[in-house]
1. Taking D104 and the conditions (1) touching a Pro at 6+ places or on another chain (Cβ under 7 Å); (2) of a type in the set (D, E, K, R); (3) within 18 Å of C313 (Cβ to Cβ), which numbered condition does it fall short on, given that it satisfies the others?
2. One residue is enough: does the stretch 102-112 have a residue meeting the conditions buried (at least 24 other Cβ atoms within 10 Å of the Cβ), of a type in the set (V, I, T) and in a loop (DSSP other than H, G, I, E, B)?
3. If a residue has to be buried (at least 16 other Cβ atoms within 10 Å of the Cβ) and in contact with a strand residue (DSSP E or B) (Cβ under 7 Å, 6 or more places away or on another chain) to count, how many in the stretch 183-221 make the cut?
4. Checking Y507 against (1) under 23 Å from E454 (Cβ atoms); (2) in contact (Cβ under 8 Å) with a residue 24 or more places away in the chain; (3) buried (at least 20 other Cβ atoms within 10 Å of the Cβ); (4) not hydrophobic (A, V, I, L, M, F, W, C), which single condition isn't satisfied?
5. Quick one: I230 ticks every box in (1) under 26 Å from M92 (Cβ atoms); (2) outside any helix (DSSP H, G or I); (3) in contact (Cβ under 8 Å) with a residue 60 or more places away in the chain except a single one, so which number is it?
6. Among the residues of the stretch 450-487 satisfying the criterion of being touching a strand residue (DSSP E or B) at 6+ places or on another chain (Cβ under 6 Å) and either surrounded by 19 or more Cβ atoms within 10 Å (Cβ to Cβ) or of a type in the set (S, T, N, Q) (or both), which is nearest to K521 (Cα to Cα)?
7. Across the stretch 616-635, what is the number of residues that are over 21 Å from I575 (Cβ atoms) and touching a Leu at 6+ places or on another chain (Cβ under 9 Å)?
8. State which residue pairs qualify: first residue among the β-branched types (V, I, T) and inside the stretch 199-222, second residue at pLDDT 90 or above in any location, beta carbons under 6 Å apart, and separation of 6 or more residues or different chains.
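The values are calculated or read from the model by the stated rules, or taken from the named source; none is laboratory data. Quantities reported herein were computed from a predicted structural model and do not represent experimental measurements. Ideal geometry is used to build each Cβ from the backbone, glycine not excepted, and the neighbour counts take in all protein chains shown.
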Amino acid sequence: MKTAKTKITIFILLIVIAAIAGFIVYRHLTTQKIRNIIIISMDTTRADFISAYGKSPVEITPNIDALASEGVLCENAISPIPFTLPAHASMMTGTIPAYHGVLDNSYYKLSEENVTLAERLKEKGFVTAAFVSTFILKSNFGLDQGFDIYEDDFTDLRNTIGINERRAEETTAHAIEWLVEHKDEKNFIFVHYYDPHYAYDAPEPFGSKFKEALSDTPQILNYAAYAGEIAYTDHCIGKIIEKLKELDLYDSTLICVTSDHGESLREHKENTHGFFIYRPTAWVPLIFKIPGLKEPVKIENRVGIVDIVPTICSLLGIKIKEPIQGKDLTAYYKSDSNPYPDRHIFSQSQEPTKYKANSLLGITTDKYKYIQTTRPELYDLEKDPYQELDIIADEPHRARLMKEKLKEIIEETVLAGTKDARVELDAETLERLESLGYVGGAVEEGYEFDQTKEDPKDLITYHVASSSIGVLIIEKEYDQAKKTCQWMISERPDLYKGYHGMAKVLYANKEYNEAIGYYLKAIEVDPNQTQGYSDISKVYKEMDDLDNAIKYARKTLELNPKNIEGYFYLSTYYIEKNMDDMPQKLLTQVLLESPLSYKAAVGIVNKLIGKKEIKRAYQYCSYMLKLDQDSGYALNALAWFQSASEIKEIRNPDQALKYAIKACEITKNQNVDYLDTLAVAYAATGDFKKAIKTAEQAAKLADFRKKTALAEGIKDRIELFKAGKSYLDQSLKIEIKNQ
């Protein structure tokens, strides 16, 4: 009898427990269908500068805080790598850098082998659009996969001088305009803001908003200015939220706010980011506003930005077949226990390998963080969240266990992951990256450790100096840049970066002979770095010494047959020397060597046009099209030649129209220049009605993308078309040489 009563009591208790568990799950389950998705990435944003995380002494982010108050706030989200491009690759694929293969902002492109969230959503009928704010995320680098629109146009494409970023309000305006146009469709929007990235110069009133409330300390630098950038970005996010509510889309829109990585602000002696993987650069905000969520949720466990893809896919019922490292975070609020009790989150930085040091590889659990390098480190995150007290000497056994787990993760991901993410970049691209404070040069990809190599901790001061050179050159602070390079050379004469940096400063200051001397010294210290040879070639060109310019361009290609810059320089030098046969042979190599090589090929064509050798430029474009029949550039260029030139042997309006239509089809009518060419081609065939309609479409898109000069030119052409006149490009009319 007693046994029977006991069984009944246990049975009732189990029912009560099940009911309580069911209530816990029900409290958080969503009831409203998700119609739209917006991911907002705030570049370089530390979680402790988002007020909702409770670490800031003042309110900085009221709009993000409001989202957190009704959504899911991940208290301990981790970035896998402190660089913009690879971190966003992880954000969009759900995989860590060791798997997707992108390890740095330079020399990498996300391979098409990877499957992005945009591709997954597009398959489910979503209209997809991305609006990015920095050169680092331009479509050239592979993040455009799956997006119908990838708005990365910062300047007039016909202006060869680019800029590196745009303000949040401009990006917001583009995103809102697109949202309004597609409000009746289910859509996925990715909005990226670059403003929190150095330099911190938010517009007023945000620039000076926190000067009194937040002051610098010995540990934290630029506190108020950095907070101002984040507040300004939050203000722009508020405009998107306001528009969603105005369009009655807010309740049905899933919004994710996050960041690619944080910012050191001088903690651990690092000024910005990219070198270390401690908390200041690894800890990022991660907030989900989920339609129909019954009450807010806080996830205390360690999670990562790699979890964004599987979480959104789970909420939409999309199954992921490919291997990913991210986890579905809905499991945290669908259960009253930890769904991933043995989770180890991976992070890395290969940046120290640019200085011949070991890399930094880390794994983090809810309680501990282990960093593998020359002198490994272990931190108790409960007692020491900012990772300032290394306890590896006290807990060597735990360190060994975590090292084994790290090895296991690396073996699983590196062997299964992408193999072809490396690409070649030209000098202009590298200079633009360096102007943002990044260190040039390629990282080492290996995950093996050589204990004889230096520890990154011993190189942080040198790294800070090295990363400042590009910024100082842009700001024309040549004296300070020289002093910094002199210190680098005296500190580490065995590293080429001090000599190479000095050469770049001297070149920028037009001290050409001195620059060549330092470039040669850099090559002497590291004979395998090809950029020095390419740079010397450029210096000799400025000195009108084409023979030596050709000599060093050839040397560049001997060392690296895939160097885009070498092909470009050599081809243009041959053009200047009127050596007709060589550029075409080089062009073949340019077009076959690299996915980013069209920039060099385009440079060759533009060089010929500048010399008024129109027929040769036309022949080059024809040759480019033979090599790649889907080349948008070649199709558009040929269409422009054939419709806007008066040269008898070139002009062919009917063929121009076919080329222009194909170019626009390939780019889904989203390239302003190609639409402009199509309008000119219609006019050349006498179809002025279609010319006007197409030109108006092009002008609208040019205005939308703030391409003022191009928009004005198109509007002038519209008036021509209305008068029944076709357009002739005067730059294609006069030929200096007898061709």
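1. For D104, the failing item is (3).
2. Yes, there is a match, as at least one residue in the stretch 102-112 is buried (at least 24 other Cβ atoms within 10 Å of the Cβ), of a type in the set (V, I, T) and in a loop (DSSP other than H, G, I, E, B).
3. Qualifying residue count for the region: 10.
4. Result: Y507 passes all but (1).
5. (2)
6. Only one residue tops the list, namely L459.
7. The number of residues fulfilling the criteria is 3.
8. That search, which allows pairs on different chains as well, returns I220/L265.
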